[in-house]
């Protein structure tokens, strides 16, 4: 039995679904505005990959590459202009931003209808009430992987290790919306080993290489690894690869959750387009 969840394959399948939907649109296609401040190498690679995905799917991209010393008010002015531009359906501000710019203020100023990252408090609030159309990309990618591999979430004990606003908290809410019984563990959690051994599904997103070990889990558990760490020059996740022996399904690093993030961003861009054109 193949225990590996192939995130690359699933991401490609979803991309083809999105591409077909966009090809069927008559007239103006969806447009994504990408804003990057400075020349951070990792951010540049991410932006390049996002542009490549947009080009393949037929999504128009407007790139705004701003200098490192761009003032906060200048960035906020640009976002306001993009919010009011009817030709722009999604706005993505590449993080991290330079230290002199308040990330929270910037993200708060993006229109919730164009928030394709799903970071805006409005969209997080909608997620909490199971009403969100634009959802955080990495968490929604995790849910999509579980569903496409026919993992029964309803009624299962799901453990999320990590409580960040980007992954941990949204994925906990998404699992709850799928009728799982959800526990969120974090740095102050006691008796973590007890919790991990009770869990049917474990999602780890803490950025600690090989944190989850085989002795911490039960037979047949489903493991989703959101971590991306570099150890001895090699990429690895938050879950020790030897956990595959006890798991029923496990995501690899790389090739698991990672490919899903940009794909779900593209899906959000199409969803934002449909919302703004009353097509949902």
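Readers should treat all values here as calculations from the given coordinates under stated rules, not as data from a laboratory. The structure displayed is predicted, hence computed values, not measured ones. All Cβ positions, even for glycine, are placed from backbone atoms using ideal geometry, and neighbour counts span all protein chains on display.
What ranking do 211, 119 get, fewest neighbouring Cβ atoms within 10 angstrom at the top? Present the calculation step by step, with values, prior to reporting the outcome.
Numbers: 211 19, 119 23.
Starting with the residue having the fewest Cβ neighbours, the order is 211, 119.
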**Report entry** Along principal axes, Cα extents of region 27-112, largest first, whole Å
**Finding:** 40, 29, 18
Report task. Please pull out the direction-averaged projected area of region 202-280, using the convex hull of its alpha-carbon atoms, in nm² to one decimal place. Result -> 6.6 nm²
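Just want the ordering: 8, 138, from fewest to most Cβ atoms lying within 10 Å of their own Cβ. Intermediate results must be reported in sequence, preceding the final value.
Values: 8 15, 138 23.
Ordered by Cβ neighbours within 10 Å, fewest first: 8, 138.
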Query - Inter-part distance where region 203-248 and region 1-72 are each reduced to a Cα centre, Å - result: 27 Å
Query raised in the report: residue 149 label point, 7 Å along Cα→Cβ, cut-off 15 Å on backbone N: hits in region 211-240?
Result: 218-227, 237-240
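Order of 265, 65, 159 from fewest to most other C-beta atoms within 10 Å?
Details: 265 24, 65 13, 159 27.
Starting with the residue having the fewest Cβ neighbours, the order is 65, 265, 159.
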Query raised in the report: Taking only Cα atoms, what is the 0 to 90° angle, nearest 10, from helix 41-57's long axis to the longest principal axis of the chain?
Result: 80 degrees
Query - Cα gyration tensor category, rounded, prolate or oblate, for region 135-278 with a/c compared to 1.5 - result: prolate
Query - the chain - share of DSSP beta bridges that are antiparallel (%, nearest 5) - result: 10 percent
Report summary line: Output row, site residue 198, 7 Å Cα→C-beta label point, backbone N cut-off 13 Å, window region 143-160, residues 157-160
Query raised in the report: Out of the DSSP beta bridges found with both residues in region 69-202, what percent are antiparallel (nearest 5)?
Result: 0 percent
Report summary line: So the angle from the long Cα axis of helix 168-177 to the longest Cα principal axis of the chain, reported in degrees to the nearest 10, equals 80 degrees
Report summary line: Here, the chain modelled as identical Cα point scatterers in vacuum has Debye log10 I(q)/I(0) at q = 0.15 Å⁻¹ of -1.16
Query raised in the report: Given springs between every Cα pair under 10 Å in a Gaussian network model of the chain, which of 190, 94, 68 has the largest fluctuation?
Result: 190
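If I stretch the segment between residue 68 and residue 215 completely, what's the gain in nm (0.36 nm per residue apart, minus their alpha carbon distance), one decimal?
Here the segment from residue 68 to residue 215 would lengthen by 48.3 nm.
Suppose only helical runs count, i.e. DSSP H with n ≥ 4. What mean residue ellipticity at 222 nm does that imply for the chain under -39500 (n - 2.57) per run, divided by all residues and rounded to the nearest 500 deg cm²/dmol?
Values: 9 runs with 109 residues, N = 280.
It lands at -12000 deg cm²/dmol.
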